[in-house]
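The values are calculated or read from the model by the stated rules, or taken from the named source; none is laboratory data. Bear in mind the structure is a predicted one, so any value in this text is a computation, not a measurement. All Cβ positions, even for glycine, are placed from backbone atoms using ideal geometry, and neighbour counts span all protein chains on display.
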Amino acid sequence: MAERKKLLEIKNLKQYFNEGRPNEVKAVDDVSFDIYQGEVMGLVGESGCGKSTTGRTIIRLYDATGGEVLYDGINVHGNKSKKQLKAFNRKMQMIFQDPYASLNPRLKIADVIAEGIDIHGLAKSKQERMERVYELLETVGLNKEHANRYPHEFSGGQRQRIGIARALAVEPEFIIADEPISALDVSIQAQVVNLMKKLQKDKGLTYLFIAHDLSMVKYISDRIGVMYFGRMVELASADDLYRNPLHPYTQSLLSAIPAPDPISERTRKRKSYDPASHNYGDNESVEFREVTPGHFVLCSEKEFKQYQAQSK
Amino acid sequence: MVVEKILQVKDLNISFHTFSGEVKAIRGVNFDLYKGETLAIVGESGSGKSVTTKSIMRLLPEHNSEIKSGEILFNGKDLAKLKDREMQKIRGHDISMIFQDPMTSLNPTMKIGNQITEPLIKHQNMSRHDAKERALDLLKLVGIPKPEIRINQYPHQFSGGMRQRVVIAIALACNPKILIADEPTTALDVTIQAQILELMKDLQKKIDTSIIFITHDLGVVANVADRVAVMYGGKIVEIGTADEIFYNPKHPYTWGLISSMPDMDTEEEELFSIPGTPPDLLDPPKGDAFAPRNPFVMKIDLEQEPPFFKVSETHYAATWLLHPDAPPVDPPDAVKRRQSQYLEMTGVNSGAVGLDKGNSQFPGKKEGK
């Protein structure tokens, strides 16, 4: 496991809005993590915790306030010529949350999907371009005839498939999926998640999967990071996180998910999280520490020892 | 134990007149709502859950919708035929509603306090002063801190969870007999959702209302529901107590719904997904609407609509698979897992593996919440 290649290294990433003004918001505050090649990294947290901002900053939809995002060892942020940026954009793509707002209503599906192909000059002829579009439509479980329609003619699940086809059009290595299934029905969610999993296997993709539906995240992810108020509070393998959540916020988040199980629901006790409960002293340094191999928690020295004892 | 029926919906049929023709959104819906219970209605978008409840409130658009037939009996009155003026007395007083999106269901130009006192002044002829006192109590009841200050604020000064609390306070202002909650927590975070659900259960105990809870999140259903109705293609296809629906479902659509959710034990296997798309209600299929997506489809499904088969006193399902002449089928693994899980947890066989042709000994007792 240790030998796996780091595809993405995020180091002390900061994204502040309204910087220096009284209404400054630290949307992402000193977040560091790595994403290995071929894995699915899940990112969870409540709305406003900065998980989407993290995703958008990684792909450079926002310019980072501080910190680095290294993709294959090259910093994504920082000065880049147009050409370099274009090359980078081809490797990294994004799938957006709202399948209704993320497709241009005035473009035909063929043009929505082929936009990336055109920009990067991936098709030599018109015919090749259309063939590529048909192929992509098939990959995501739609068919040829759909290419000439407009977005409004599709259901939410179908639109999300189109969004996925568009992301795949430029043959990326890394896809950021920002709540790709939150807007969909349960039965459709399963279809889209299955599709994403299959694509990952077939094409060796790496995903950053951002969501607030924890059971789906657990299902699709290899590792999961939990964010709270702009900071990463816990990062562990999916199983570890669910079996042995250490940070009190993670515990409260897990206890809040209703399980489709009436009997256990009747007896469930919810935990609530109060940030004041840590009682950090002034000279205690609160850092992201590795409690067990691969399991990181944001904690003080004292808590660290306590967590280590717990995990034995 | 005789439980009072507070609302009866009988053979309801509703259509929308659109440019492309008549959309038969609700096609013969029947159910009863008992006093003090929570009935959850689940189903995918377009299955008719919201239309059903909006018709109870008579909130369907007048220009293009039509209640073709059926009765909605409340207090001996048929709400489907009530005059607007009479309906106004019931709406917000005896029956009130919580909408999905707390961002848009409050009036942005009105102070919170005035929005809460509005139904009190209108329905209960309270004086402004008394109504304000009651509004303060209500805000306290739904857990909003510093109500004296909050009452003079506008909706934009509240967060999503707080706004939904305000909406609940308005809905509860007149102690309604029925509360209809249409996806009340879908727009909220899990932690806030947990708080709102707890709040609703708490309040239900205090004022003894019946709740109709619409959602597509089966986790939420398991948390709040006493009974569950599963809708598909404008009809109820299965109805039963929460335990019956979750641990011993009989309709293949319910099987599909339950199998398509990952639970914490779901490992590498592929998630089950229901193939195909929902039926086109412009031209509803002959026979069972679910037939084209049903892996257990039989010839009769394509020809004749299945009636309700009785599984237990409280549990009914509309599928030909329950007919005595139907061949035995093997439910999906996820369903079998649930049956054995139930056996383990309660020591009661949740109505046998496979299908018992309608005579299963299902424990129909409803456990108190």
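Please verify whether A:Glu265 is at positive phi and within 13 Å of another protein chain (Cβ to nearest Cβ), treating the condition exactly as stated.
no
Condition first: at pLDDT 90 or above, assigned to a loop (DSSP other than H, G, I, E, B) and surrounded by fewer than 20 Cβ atoms within 10 Å (Cβ to Cβ). Now tell me which residues in segment B:102-124 satisfy that.
B:Asn107, B:Pro108, B:Thr109, B:Met110, B:Lys111
Got a number for residues in segment B:196-213 being assigned to a strand (DSSP E or B) and either surrounded by fewer than 23 Cβ atoms within 10 Å (Cβ to Cβ) or away from every other protein chain (no Cβ under 13 Å) (or both)? Give the steps one after another, and end with the answer.
Taking segment B:196-213 and keeping what is assigned to a strand (DSSP E or B), we get B:210-213.
Within this subset, residues satisfying the condition of being either surrounded by fewer than 23 Cβ atoms within 10 Å (Cβ to Cβ) or away from every other protein chain (no Cβ under 13 Å) (or both) are B:210-212.
Total satisfying the criteria: 3.
For B:Ile274, only one of the following conditions fails: (1) touching a Lys or Arg at 6+ places or on another chain (Cβ under 8 Å); (2) surrounded by fewer than 24 Cβ atoms within 10 Å (Cβ to Cβ); (3) at pLDDT below 90. What is its number?
If we test B:Ile274 against (1) touching a Lys or Arg at 6+ places or on another chain (Cβ under 8 Å); (2) surrounded by fewer than 24 Cβ atoms within 10 Å (Cβ to Cβ); (3) at pLDDT below 90, just (2) comes out false.
For segment B:317-350: of the residues being assigned to a helix (DSSP H, G or I), of a type in the set (A, V, I, L, M) and closer than 19 Å to B:Gly256 by Cβ, which is modelled with the lowest pLDDT? I'd like the intermediate steps shown before the answer.
We begin by selecting, within segment B:317-350, every residue assigned to a helix (DSSP H, G or I); these are B:320-322, B:333-346.
Imposing the further condition that a residue be of a type in the set (A, V, I, L, M) reduces the set to B:321-322, B:334-335, B:343, B:345.
Filter once more, so that each one left must be closer than 19 Å to B:Gly256 by Cβ: B:321-322, B:334-335.
Details: B:Leu321: 92, B:Leu322: 92, B:Ala334: 83, B:Val335: 86.
Top of the filtered list is B:Ala334.
A quick yes/no check of all residues on (1) closer than 20 Å to B:Pro102 by Cβ; (2) buried (at least 21 other Cβ atoms within 10 Å of the Cβ); (3) away from chain A (no Cβ under 14 Å); (4) not basic (Lys, Arg):
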| site | (1), (2), (3), (4) |
| --- | --- |
| B:Glu148 | no, no, yes, yes |
| B:Gln153 | yes, no, yes, yes |
| B:Leu172 | yes, yes, yes, yes |
| B:Pro176 | yes, yes, yes, yes |
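Check B:Lys54, B:Lys49 and return the single one that is touching a Leu at 6+ places or on another chain (Cβ under 9 Å) and within 24 Å of A:Gly156 (Cα to Cα). Quick ask: steps written out before the conclusion?
Details: B:Lys49 fails: touching a Leu at 6+ places or on another chain (Cβ under 9 Å).
Among B:Lys54, B:Lys49, only B:Lys54 is touching a Leu at 6+ places or on another chain (Cβ under 9 Å) and within 24 Å of A:Gly156 (Cα to Cα).
Considering each residue of segment A:119-136, count those that are closer than 15 Å to A:Pro172 by Cα and surrounded by 12 or more Cβ atoms within 10 Å (Cβ to Cβ), and give that number.
Number of matching residues: 5.
Here are the criteria: (1) buried (at least 20 other Cβ atoms within 10 Å of the Cβ); (2) part of a helix (DSSP H, G or I); (3) facing chain B (nearest Cβ under 7 Å). Tell me which single one A:Asn194 does not satisfy.
(1)
Tell me which residues, restricted to segment A:78-90, are modelled with pLDDT of 85 or more and either surrounded by 15 or more Cβ atoms within 10 Å (Cβ to Cβ) or in contact with a Ser or Thr (Cβ under 9 Å, 6 or more places away or on another chain) (or both).
Answer for segment A:78-90, where residues must be modelled with pLDDT of 85 or more and either surrounded by 15 or more Cβ atoms within 10 Å (Cβ to Cβ) or in contact with a Ser or Thr (Cβ under 9 Å, 6 or more places away or on another chain) (or both): A:Phe88, A:Asn89, A:Arg90.
Would you be able to say whether some residue in segment B:148-169 is under 21 Å from B:Gln8 (Cβ atoms), in contact with a helix residue (DSSP H, G or I) (Cβ under 9 Å, 6 or more places away or on another chain) and of a type outside the set (Gly, Ala, Ser)?
Going residue by residue through segment B:148-169, those that are under 21 Å from B:Gln8 (Cβ atoms) are none.
Within segment B:148-169, not a single residue is under 21 Å from B:Gln8 (Cβ atoms), in contact with a helix residue (DSSP H, G or I) (Cβ under 9 Å, 6 or more places away or on another chain) and of a type outside the set (Gly, Ala, Ser).
Among the residues of segment B:180-195, which ones are surrounded by fewer than 24 Cβ atoms within 10 Å (Cβ to Cβ) and more than 9 Å from chain A (Cβ to nearest Cβ)?
B:Asp182, B:Glu183, B:Thr186, B:Ala187
Filter segment A:139-148 for residues that are within 20 Å of A:Ile188 (Cβ to Cβ) and surrounded by 13 or more Cβ atoms within 10 Å (Cβ to Cβ) and give the result.
Residues satisfying the conditions are A:Thr139, A:Val140, A:Gly141, A:Leu142, A:His146.
Tell me whether segment B:94-101 contains one or more residues that are surrounded by fewer than 21 Cβ atoms within 10 Å (Cβ to Cβ), touching a strand residue (DSSP E or B) at 6+ places or on another chain (Cβ under 9 Å) and at pLDDT 90 or above.
Taking segment B:94-101 and keeping what is surrounded by fewer than 21 Cβ atoms within 10 Å (Cβ to Cβ), we get B:94, B:99-101.
From what is left, the residues that are touching a strand residue (DSSP E or B) at 6+ places or on another chain (Cβ under 9 Å) are B:94, B:99-100.
Right, trim to at pLDDT 90 or above and you get B:94.
Yes, segment B:94-101 contains at least one residue that is surrounded by fewer than 21 Cβ atoms within 10 Å (Cβ to Cβ), touching a strand residue (DSSP E or B) at 6+ places or on another chain (Cβ under 9 Å) and at pLDDT 90 or above.
Yes/no matrix, rows are residues, columns are (1) within 23 Å of B:Leu197 (Cα to Cα); (2) crowded, with 24+ Cβ neighbours inside 10 Å; (3) more than 8 Å from chain B (Cβ to nearest Cβ):
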{"site": "A:Ala190", "(1), (2), (3)": "no, yes, no"}
{"site": "A:Lys201", "(1), (2), (3)": "no, no, yes"}
{"site": "A:Gly230", "(1), (2), (3)": "no, no, yes"}
{"site": "A:Pro245", "(1), (2), (3)": "no, no, yes"}
{"site": "A:Leu253", "(1), (2), (3)": "yes, yes, no"}
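If you go through segment A:60-108 one residue at a time, how many are of a type in the set (D, E, K, R), assigned to a loop (DSSP other than H, G, I, E, B) and on the phi < 0 side of the Ramachandran plot?
In the first step, residues of segment A:60-108 are kept if they are of a type in the set (D, E, K, R); the result is A:60, A:63, A:68, A:72, A:80, A:82-83, A:86, A:90-91, A:98, A:106, A:108.
Now restrict to residues that are assigned to a loop (DSSP other than H, G, I, E, B): A:60, A:63, A:72, A:80, A:98, A:106, A:108.
Now drop any that are not on the phi < 0 side of the Ramachandran plot, which leaves A:63, A:80, A:98, A:106, A:108.
Qualifying residue count for the region: 5.
Can you confirm whether B:Leu257 is in contact with a strand residue (DSSP E or B) (Cβ under 8 Å, 6 or more places away or on another chain), within 14 Å of chain A (Cβ to nearest Cβ) and closer than 19 Å to A:Ala190 by Cβ? Let's see the steps before the verdict.
Details: in contact with a strand residue (DSSP E or B) (Cβ under 8 Å, 6 or more places away or on another chain): yes; within 14 Å of chain A (Cβ to nearest Cβ): yes; closer than 19 Å to A:Ala190 by Cβ: yes.
Yes; evaluated as a whole, the condition is true for this residue.
Taking A:Ala87 and the conditions (1) within 30 Å of A:Ile224 (Cα to Cα); (2) touching a Lys or Arg at 6+ places or on another chain (Cβ under 8 Å); (3) not acidic (Asp, Glu), which numbered condition does it fall short on, given that it satisfies the others?
Answer for A:Ala87: the failing condition is (2).
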